[in-house]
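Throughout, read-outs are computed from the coordinates displayed, never taken from laboratory work. On a predicted model such as this, the values are computed, not experimentally measured, just so you know. Counting neighbours? That spans all protein chains shown, and the Cβs are built from the backbone with ideal geometry, glycine included.
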Amino acid sequence: ILNVEQSPQSLHVQEGDSTNFTCSFPSSNFYALHWYRWETAKSPEALFVMTLNGDEKKKGRISATLNTKEGYSYLYIKGSQPEDSATYLCAFLAGANSKLTFGKGITLSVRP
Amino acid sequence: NAGVTQTPKFQVLKTGQSMTLQCAQDMNHEYMSWYRQDPGMGLRLIHYSVGAGITDQGEVPNGYNVSRSTTEDFPLRLLSAAPSQTSVYFCASSYGLAGTYEQYFGPGTRLTVT
């Protein structure tokens with residue numbers, strides 16, 4: 001069983017604050033890293049799929065970076081808004097025929 | 001497109017009962033999978049399929065069976081429900097292998113086993 005760690009476990013910020021999360025994964029046999037956003041009472045929705053070391057992806061105020069050699073990915077949210085409140089999941093794939101292993105998620109709460 | 005649909009949304013079973021959770025997608029996705037979500041555990045893969053007629057076990061397959069007779073449907077069967085199977089179940093699909101394509105999740109089925 002692969003170990004995918006996310007930190008911090010939860011985060012409470014004020015509207016307008018920028019924030020970032022970390023996803024750590026085994027650096028050997030890397031294939032892909034996914035980020036998902038999961039709002040309460042809804043289903044997870046994909047944010048990014050990253051496959052190359054050094055990848056940087058952006059969607060609006062949310063961006064992500066990937067370092068496969070040291071085994072981590074950062075997710076940044078610039079100027080957090082209350083609608084950003086959700087759980088953010090990362091998922092790691094160790095090989096092309098392997099299975100996605102999810103982290104436990106980071107719960108973000110943005111106060112207006 | 002309806003995307004990924006799951007039925008039922010809620011279900012209560014008694015220990016020992018059997019049932020099938022239904023999952024269907026209309027995006028012609030080859031890859032489908034079932035996850036369970038438990039507090040403090042994150043999403044854990046139960047079974048997955050890379051195409052019609054092909055299934056394989058995930059991280060927590062015990063107590064569950066799957067089959068994939070068509071591209072669209074991927075039902076999950078509980079043969080003899082146990083309280084440990086109380087969970088929220090999500091079905092997901094993607095265009096190809098799970099790694100390089102984003103997964104689309106269904107709305108979930110909340111199952112309680114008493």
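In chain B the longest region clear of trypsin sites (Lys or Arg not before Pro) that are loop-assigned by DSSP and have at most 15 other C-beta atoms within 10 Å covers B:15-114. The modelled label-to-label distance between residue A:55 and residue B:2, using points 7 Å beyond Cα along the C-beta direction, is 3.1 nm. Sorted largest first, the principal axis extents computed over the alpha-carbon atoms of the protein assembly as shown equal 49, 37, 34 Å.
Taking B:11, B:25, B:103 as the candidate residues, the one with maximal mean-square fluctuation in a Gaussian network model of chain B, Cα springs under 10 Å, is B:11. Each residue of the stretch A:70-86 is assigned a 3J(HN,Hα), and the resulting list reads 9, x, 8, 9, 10, 10, 10, 10, 8, x, 3, 10, x, 6, 7, 4, 4 Hz, derived from the Karplus form 6.51 cos²θ - 1.76 cosθ + 1.60 (θ = phi - 60°), x at Gly and Pro. For the protein assembly as shown, the list of Cys residues with no other Cys C-beta under 4.7 Å is empty.
Taking every Cα-Cα distance in chain A and sorting them into 5 Å bins from zero, the calculated P(r) comes out as 2, 13, 24, 25, 19, 10, 5, 2, 0 percent.
Starting from the Cα gyration tensor of the stretch B:1-45, take the square roots of the eigenvalues, sort them a ≥ b ≥ c, and report rounded, prolate or oblate (rounded when a/c is under 1.5, otherwise prolate if a/b is larger than b/c, else oblate). Let's see the in-between values first.
On the way: a/c = 2.31, a/b = 1.41, b/c = 1.65.
In terms of gyration-tensor shape, oblate.
Mind pulling the per residue volume of the convex hull built on the Cα atoms of the stretch A:51-112? Å³ is fine.
On the way: hull volume 6.0 nm³, N = 62.
Convex hull volume per residue, Cα atoms: 97 Å³.
Using Cα centres only, tell me the gap between the stretch A:13-73 and the stretch B:1-72 in whole Å. Going from one Cα centre to the other spans 25 Å. Annotation: average projected area of chain B is 6.4 square nanometres, based on the convex hull of Cα atoms across all directions.
What is the fewest-to-most order of B:21, A:100, A:52, A:11 by other Cβ atoms lying within 10 Å of their Cβ? Can you show the working numbers first?
Values: B:21 22, A:100 27, A:52 10, A:11 18.
Fewest to most other Cβ atoms nearby, the residues stand as A:52, A:11, B:21, A:100.
Legend: mean number of C-beta atoms from other chains within 10 angstrom of residue C-beta atoms, peptide A:39-51, equals 4.
Counting neighbouring Cβ atoms within 10 Å and putting the fewest first, the residues B:41, B:32 line up as B:41, B:32.
In whole percents, the pair-distance distribution calculated for the stretch A:1-42 from its alpha-carbon pairs, binned every 10 Å from zero, is 18, 45, 28, 8.
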